Structure formats: structure tokens, C-alpha cells
Amino acid sequence: MPGWVEIMIRSVVFLIVLFLITKALGKKQMSQLDIFQYITGIVIGSIVAIHVTDVTTNAMYGFIALAVWLVIPIAVEFAQLKSKRFRNIVQGKTTVLIQNGKIMEDNLKKERYSTDDLLKELRNNHIFNAREVEFAVLEPTGKVNILPKKENQPITPKVLGATVAPEKEPQTVVMDGKALLEPLANASLNTNWLETELAKMNVSIENVFLAQVDSDGQLTVDLYDDKLTVPEPTEKPLLLASMKKCQADLELFALATENQASKQLYQRNSERLQKAIDKITPYLE
Amino acid sequence: MTVSSQVKGCFSSIKSIEATLQSLSAKTSDQEADKVFKEVRNTIRTVQNDLESQVLHLTKEEPQYKS
């Protein structure tokens, strides 16, 4: 067998084996989370490279080595699940770089982190002034994570004291003009519902590139034909508007009438409506 | 427009709001949202009942505009 044929055959075979091994090692391996996975990745790659390009090697040995490097990482991962101490050895521990807003110079030295490295990592986290940091930690993966001081943290609805409606994940019900049955079932809807909603918008399903439905059953579609405009879901904004209008009307009636009993009735109900509007607004926006 | 017909218009809007809330609460898959929709719907119902009696009362007062 000429050398080049063997190289081609080896390449294909090792490609398949490598693919299977990576699958078996799992998603964690893809992110190279810790030292061990980092080493495994390098070694497996090198084994394959040697045996593919060098036809004088025995391919069997390559497979044996790969098998070992497949079994050991999996065994180590299981051992890590069981023991915290083993995990500390294999994965390494986090190092605190900044605590209570003060830079830990000793820890920086231990990790051989220069001031420039630290500032660079802070900038990576969109922080340009070290005084904005309350706490910073160096993960075993080499990534620096930062907790900014409270006043520099992003505003959340909780900080503002605002109530927000809960939002569940949307379901993608149409892709490339084809209805997807499983997501429809997840949203407890069916194809009949989808057809009705699309008919309401006056579009055919073949023209729909993507359609998603949110947890409140509102459908948003994107069409292949970008010249067509699709109506946005209007049910909720309309409801809120008509509630506000009714409330205003009742207030007006209360002002217009001279009958005391009627006046009170209008006022009472206007207040009730106002309370209802306040309560429902987060859910309708 | 007489007062009576204005109130009647408002009454029908309230009815439509009540129906929309019912459909929203049927469609949502989120329990918390469903709860809020139901609570608001109950409030709207009491408003609806009050207005209904008011509409009847007004029709009696302005019989010439009875529709």
C-alpha cells in the first residue's frame, strides 16, 4: 500500500475515532474547564496527529493510547463528583485577587499576575477603575470574575422596586416554513391554532421563515418576503388602552352627574378600575 | 349623545375587556399571570355589575331615549 493511501485511510479512521471520543468525553471537555481537561485535549490531539502523519507507527498502539486517554478522564471526572478534596487537587482552587475593594498583592504574586494583567482583566469586565470593584476572583480556568460595588452594579427591576411579569421561554413553532409539532405541544397548542393565527395575519405558512409563541400565546412571525409587513401582536396593548379609556370615562361621568348616588357609583368603579390597571400593567407591557 | 348612551358604551367596553381577560387567562401557560388575569377579571366583573344596574337606572330616567 503506498504511503499516501495509508495516510488518507488513517486520517479518515482517526477522524471518526476522535469524533466519537470527543462525544464520549462530553460538553465539558469542549470548554476545557480545568487543568486535566486541558491536558487531555492536547494529548489526544497529539496522539492522533502522530499516527495520522507517520505511517511507520503502528496504528493499533494509537488506538490503545486513545482508549487510555478516554477512560482516565472519565474515571477522574467520576472521582471528582465523589470527593471535594480530589476536586481541589485536580481542578485547582480559586484565588481571590480583590477583597473588600482592596487588592491582594500576595495572591497576585502567587499567581504571577502583574498589575497590568489585573487591569487588563478588569477592563475585560468593563471596569476601568479599580475602585469600582468589591471582589474579584481568579477561577481555576484562568478567567477573572468580578463583583462590582453595589452602586456600580447594573440596575435591575428589584433595585428600582418595580414589579415585572414573569416570562417563560418562548417556543419556536415554525422554522423554514414548516410547523414544528413538539414545541407546539410544549405550548399546549396545535396546528389548527397555528393555522388560525396565521390566517388572521393573512400569511401562508410557506412564507413564514420563523415563528415564535410566548407563554401568553402571542405569536410573532418573520416572513421570507421582507416587503410584507406583519401585524405585531396587539391584543394586550389594546386591552390596556381600553381599560384606561373606561377608567377615564367613569371619572368623567362622576364629574358630570349631579345625582349623588350615581356620582359615588362612578367614583367607586373608577377607583376599582384604576387598581386593576395598576395590577395588570406589568403583564400587558 | 345622551349620558345614558355614553354609559352604555362604557358598559360594552367593560364587557369586551372582561372577555379579553378571559381569553388571555385561557391562553397563558404561566400560573402567576393566570392568577393576576383572573383577579383582575373578578374586579372587572364587579364593575360590570354596578354599571349594569346604573344602565337600567338611566334607561328608567330617560325613557324617551330607550333603545
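The values are calculated or read from the model by the stated rules, or taken from the named source; none is laboratory data. Just so it is clear, the structure is predicted and the values come from calculations on it, not from any experiment. Neighbour counts are summed over all protein chains in view; Cβ atoms, including those assigned to glycine, are modelled from backbone coordinates with ideal geometry. These accessible areas exclude ligands, DNA and RNA; they are computed on the full protein's heavy atoms, side chains included. Shrake-Rupley method; radii C 1.70, N 1.55, O 1.52, S 1.80 Å.
Summary table
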read-out: Coordinate range along principal axes, alpha carbons of the range A:3-88, Å, largest first; value: 50, 20, 16
read-out: Helix A:3-25 vs. chain A, principal-axis angle (Cα, 0 to 90°, nearest 10); value: 50 degrees
read-out: Protein-protein interface of the range B:1-16, residues with accessible area decrease of at least 50 Å², isolated chain reference, 1.4 Å probe; value: B:Cys10
read-out: A/B buried area, accessible surface, summed, 1.4 Å probe, Å²; value: 2600 Å²
read-out: Rounded to 10°, Cα long-axis angle of helix A:235-256 versus longest principal axis of chain A; value: 30 degrees
read-out: Rg/Rg_globular for the range B:3-65, with Rg_globular taken as 2.2 N^0.38 Å and Rg from C-alpha atoms; value: 1.38
read-out: For chain B, built as a Gaussian network whose Cα springs stay under 10 Å, the top-fluctuating residue of B:Glu32, B:Glu18, B:Glu52; value: B:Glu32
read-out: Chain B - mean residue ellipticity at 222 nm from DSSP helices (-39,500 (n - 2.57) per run, n ≥ 4, rounded to 500); value: -30000 deg cm²/dmol
read-out: The range A:171-232, Cα convex hull volume normalised per residue, Å³; value: 67 Å³
read-out: Listed residues A:Phe63, A:Phe19, A:Phe14, A:Phe128 arranged by accessible area, highest first, probe 1.4 Å; value: A:Phe128, A:Phe19, A:Phe63, A:Phe14
read-out: The range A:133-207: mean projected area of Cα convex hull, nm²; value: 9.7 nm²
read-out: Minimum 20 Å² accessible area buried by the other protein chains, the range A:251-267 residues, probe 1.4 Å, relative to alone; value: A:Phe253, A:Asn259, A:Ser262, A:Leu265, A:Tyr266
read-out: Per-residue mean of C-beta atoms belonging to partner chains within 10 Å, peptide A:270-283; value: 4
read-out: Residue-averaged [θ]222 nm for chain A, counting only DSSP H segments that reach four residues, each worth -39500 (n - 2.57); value: -18500 deg cm²/dmol
read-out: All lysines inside 28 Å of A:Lys23 as judged from Cα atoms, apart from same-chain residues fewer than 8 positions distant; value: A:Lys82, A:Lys84, A:Lys93, A:Lys143
read-out: Residue-normalised accessible area of the protein assembly as shown, expressed per residue, 1.4 Å probe, Å²; value: 63 Å²
read-out: Chain A: angle of helix A:260-284 to the longest principal axis, Cα-based, in degrees nearest 10; value: 10 degrees
read-out: Space enclosed by the convex hull of the alpha-carbon atoms of the range A:54-186, per residue, Å³; value: 324 Å³
read-out: Tail fraction, Cα-Cα pairs, the range A:95-152, threshold 13 Å, whole percent; value: 55 percent
read-out: Chain B - percent of accessible surface contributed by carbon and sulfur, probe 1.4 Å; value: 50 percent
read-out: Protein accessible area in chain A, 1.4 Å probe - carbon and sulfur %; value: 59 percent
read-out: Kirkwood Rh (inverse of mean 1/r, distinct Cα pairs), the protein assembly as shown, angstrom; value: 27.7 Å
read-out: Net dipole in debye of the protein assembly as shown [+1 Lys, Arg Cβ; -1 Asp, Glu Cβ; about Cα centre; nearest 20]; value: 1140 debye
read-out: Cβ neighbours within 10 Å from other chains - mean over A:205-212; value: 0
read-out: Tail fraction, Cα-Cα pairs, the range A:236-283, threshold 13 Å, whole percent; value: 53 percent
